[in-house]
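The values are calculated or read from the model by the stated rules, or taken from the named source; none is laboratory data. Computed from a predicted structure; not experimentally measured. Virtual Cβ from ideal backbone geometry, glycine too; neighbours counted across all protein chains shown. SASA here: full protein model, heavy atoms, side chains in, ligands and nucleic acids out. Shrake-Rupley method; radii C 1.70, N 1.55, O 1.52, S 1.80 Å.
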Amino acid sequence: MYKSPRIGHGYDVHAFTAGDGLWLGGVRIEHDQGVTAHSDGDVVLHALMDALLGAAGLGDIGQHFPDHDARYRDAASGDLLQDVLQKIRAQGLGVVNVDITVIAQAPRLGPHREAMVRSMAQLLQLDENRVNLKATTHEGLGALGRGEGIAAHAVALLEDVD
Ligand code: MG
């Protein structure tokens with residue numbers, strides 16, 4: 001059977017709300033706001049999981065972890081990611097690399113970039129040079145530009161491991 005790599009894309013956004021920090025890439029980052037979410041609201045891991053599921057042809061995280069399901073209330077996204085990786089491995093697929101872009105006016109991610117990459121590399125069991133993280137502001141445009149929330153895009157490449 002012909003085998004070929006598979007690419008997937010994921011996107012997620014969460015609104016800011018009163019709070020004292022947020023989870024990003026499996027790392028808790030102190031901030032003067034939190035995010036509205038059913039789970040831990042880790043917008044980076046949510047986008048990443050959708051990219052992985054997309055590449056594997058397995059739908060999206062809403063299908064696998066419905067937000068009306070009490071089991072996923074305050075769920076740790078790192079745990080959900082392990083579940084997603086199991087589903088991908090069950091298809092005979094492994095992760096080649098991932099590339100993520102976070103869009104937010106704040107917090108600034110520069111000081112947290114290394115920790116976030118390390119965290120995601122550990123979660124994905126990949127070398128850190130296969131996990132790329134980029135961050136940009138929204139140049140003051142629209143809701144993200146007004147600092148009302150935080151968004152993330154992710155792409156992931158999978159390959160056959162059999
Ligand atoms: Mg989300």
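Please give the per residue accessible area of the chain, computed with a probe of 1.4 Å over protein heavy atoms only, in Å². Don't jump to the answer; show the numbers that get you there.
Details: 8310 Å² over 162 residues.
The answer is 51 Å² per residue.
Can you give the helix-only mean residue ellipticity at 222 nm for the chain, where every DSSP H stretch with n ≥ 4 adds -39500 (n - 2.57) and the sum goes over all residues, rounded to the nearest 500 deg cm²/dmol?
Numbers: 5 runs with 48 residues, N = 162.
Rounded to the nearest 500, it is -8500 deg cm²/dmol.
Going from most exposed to least, what order do E159, E30 have by accessible area with a 1.4 Å probe? Don't skip to the end; give the middle numbers.
Numbers: E159 85, E30 165 Å².
The residues order as E30, E159, largest area first.
Average the reciprocal distances over every distinct pair of alpha-carbons in region 1-43, invert the result, and give the Kirkwood radius in Å. Walk me through the numbers on the way to the answer.
Working: mean 1/r = 0.0817 Å⁻¹.
Evaluated over region 1-43, this radius sits at 12.2 Å.
Enter the per residue convex hull volume of region 8-162, computed from alpha-carbon coordinates, in Å³ rounded to the nearest integer.
On the way: hull volume 15.5 nm³, N = 155.
Convex hull of Cα atoms, per residue: 100 Å³.
Rounding to the nearest 10 and keeping the result within 0 to 90°, find how far the Cα-based axis of helix 113-124 lies from the longest principal axis of the chain.
On a 0 to 90 degree scale, this one is about 30.
For the chain, modelled as a GNM with alpha-carbon contacts under 10 angstrom, which of G110, G147, G21 fluctuates the most?
G110
What's the magnitude of the charge dipole for the chain around its Cα centre, counting Lys and Arg as +1 and Asp and Glu as -1 at the beta-carbon? Answer in Debye, nearest 20. Don't jump to the answer; show the numbers that get you there.
Values: 13 positive and 22 negative charges, 53 e Å.
The dipole of the chain has a size of about 260 debye.
With the chain treated as a Gaussian network of Cα nodes joined by springs under 10 Å, which of A55, A47, A70 yields the largest mean-square fluctuation?
Per the Cα network of the chain with a 10 Å cutoff, A70 tops the list.
In whole percent, how big is the carbon plus sulfur part of the accessible area of region 25-117, probe 1.4 Å, protein atoms only?
Working: 1800 of 4100 Å².
Answer for region 25-117: carbon and sulfur cover 44 percent of the accessible area.
If the elastic network links every pair of Cα atoms under 10 Å, which of L126, L81, L52 fluctuates the most in the Gaussian network model of the chain?
L126
Please tell me the relative contact order of the chain in percent, rounded to the nearest whole number, where contacts are Cα pairs under 8 Å and at least six residues apart. Intermediate results must be reported in sequence, preceding the final value.
Working: 354 pairs, mean separation 54.2, N = 162.
Once normalised by length, the contact order is 33 percent.
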